[in-house]
Amino acid sequence: MSTVNRPSAANSTSQASSTSPGAPAPRAPGRLASLGPVGLVLAGGISVQFGGALAVTLMPRAGALGVVTLRLLAAAVVLLLVCRPRLRGHSRADWGTVIVFGITMGAMNGLFYEAVDRIPLGPAVTLEVLGPLTLSVLASRRALNALWAGLALAGVFLLGGGGFGNLDPVGVAFALGAGAMWAAYIVFSARTGRRFPQADGLALAMAVAALLFLPLGIAEAGTRLLNPTTIALGSAVALLSSVLPYTLELLALRRLPASTFAILMSLEPAIAATAGFLILGQALAATEAAAIALVIAASIGAVRTQIGRGKAGLPAEGQ
């Protein structure tokens, strides 16, 4: 979803795997690095949710699967042109990781857009974020992170009005499935980031996802995918919802534990509610505002826990 800074590609794979315990961790170069890992995640979240709101307005033109196809194709083209990833010199494990990452990414996008085609954006993201929150509890080795996850979970359910019984059950199922794929995306995004330089692995995974979804998009939308306005809007969705956020998140996951990243994802329902209000005219109720406050408090707590942990390990890590 955005600008990609490229380092030297010569020692990419070994750079992540052979770093000694006493050496500084690899850092993303350029302006993106100045945001810090937390800033990268937040910027990606804002971009993806406003892109999702724009995608909802595009669905009457191309359908859910058509929008996903346009998004993935445009994102793959942009990333492949910018990154120009090397196809040689990678192990079978590297390719296996990037293929699974692409499958996960395509499934996450497809399930989510099928959900927002049936239920409002805010509840869809609220249900989807349960996947990362579950991951944060399972992956964390600190009881305090489980507390932040619980607080964020309370905010998530409050944002959903305390229940989802009035929603289309099929849409709810799609949203929950997207959440499971989102948790898998976090895991394989981190693995891909360690095996490939910068966003090269992301570009290859996006191409895998686009190829998988192309037949589905053609089957649903047909020649509507060739409409110039539809292509332009789909490209905008791709930049906001794929190229920029996935790039920022991949860079962030190199310096941020998966458990902390997953809790930060609890901000997504709040951002989605804001995007829904500004673009789709969905107003916020008092309970939704309270839910946003809980989610933000949980995210701040997770960040403070991570910063404290980093300071404690500062002398040993040599940073």
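The values are calculated or read from the model by the stated rules, or taken from the named source; none is laboratory data. Only a predicted model underlies this, so the values are computations on that prediction, with no experimental measurement involved. Cβ placement follows ideal geometry from the backbone for every residue including glycine, while neighbour counts extend to all protein chains displayed. Surface accessibility is based on the protein's heavy atoms, side chains included, excluding ligands, DNA and RNA. Shrake-Rupley method; radii C 1.70, N 1.55, O 1.52, S 1.80 Å.
Annotations for the structure displayed:
- The share of alpha-carbon pairs in region 184-269 lying farther apart than 14 Å comes to 71%.
- Separation in nanometres of the label points that stand 7 Å from Cα toward Cβ, at Ala297 and Leu81: 4.7
- Where Trp182, Trp95 fall by accessible area, highest first, once all protein chains stay in place (1.4 Å): Trp95, Trp182
- Accessible area of Phe157 (1.4 Å probe, protein heavy atoms only, ligands and nucleic acids ignored): about 90 Å².
- Cα shape, region 142-240, gyration tensor, a/c 1.5 rule: oblate
- Heavy-atom accessible area, probed at 1.4 angstrom with all protein chains present, ranks Asp117, Asp94, Asp168 as Asp117, Asp168, Asp94, highest first.
- Cα gyration tensor, region 170-218 - rounded (a/c under 1.5), prolate or oblate: oblate
- Gyration tensor over alpha-carbon atoms, region 66-118, equivalent ellipsoid semi-axes in Å: 26, 15, 5
- Ordering of 183-194, 77-88 by packing is 183-194, 77-88, highest average first (other Cβ atoms within 10 Å, averaged per residue).
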